[in-house]
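Note sheet for the following structure.
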Amino acid sequence: MAWVNSADTGSLLTGLAAVADATGLADGDSGQGITDAGVAVRDWLETDGDGCLLVFDDVSDPEVVRPFVPVGEQPGY
């Protein structure tokens with residue numbers, strides 16, 4: 001479980017970078033940017049995130065977090 005302060009873009013990106021670091025997704029030698037770390041977290045959750053929880057706390061503008069929200073499987077009808 002990870003809890004990311006999403007009150008503003010800087011806090012959001014810093015929090016996602018910390019999640020990337022804690023999960024081993026961040027590579028200090030790759031030159032990966034802070035936004036790239038957020039995308040890496042999203043991609044990881046989409047492919048291998050069963051049983052994981054990522055909380056975006058204090059979101060004032062959903063459009064700011066939308067690029068980092070994982071897309072899950074859609075139920076079949």
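The values are calculated or read from the model by the stated rules, or taken from the named source; none is laboratory data. Predicted, not measured: the structure shown is a model, and the values here were computed from it. Cβ atoms come from the backbone with ideal geometry, glycine included; neighbour counts cover every protein chain shown. Areas reflect the complete protein model, heavy atoms only, side chains present, ligands, DNA and RNA absent. Shrake-Rupley method; radii C 1.70, N 1.55, O 1.52, S 1.80 Å.
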Contacts under 6 angstrom Cβ, first residue in region 11-23 being part of a helix (DSSP H, G or I), partner open to solvent by 60 Å² or more (accessible area, probe 1.4 Å), 6 or more apart: Ser11/Asn5; Leu13/Ile34; Gly15/Asn5; Ala17/Ile34
Residue list for region 45-59, restricted to those being at positive phi and either among the charged types (D, E, K, R) or surrounded by 13 or more Cβ atoms within 10 Å (Cβ to Cβ) (or both): Asp58
Condition check for Gly72: assigned to a loop (DSSP other than H, G, I, E, B) and either open to solvent by less than 60 Å² (accessible area, probe 1.4 Å) or modelled with pLDDT under 90 (or both): yes
Residue list for region 1-10, filter: open to solvent by 60 Å² or more (accessible area, probe 1.4 Å) and assigned to a strand (DSSP E or B): Trp3, Asn5
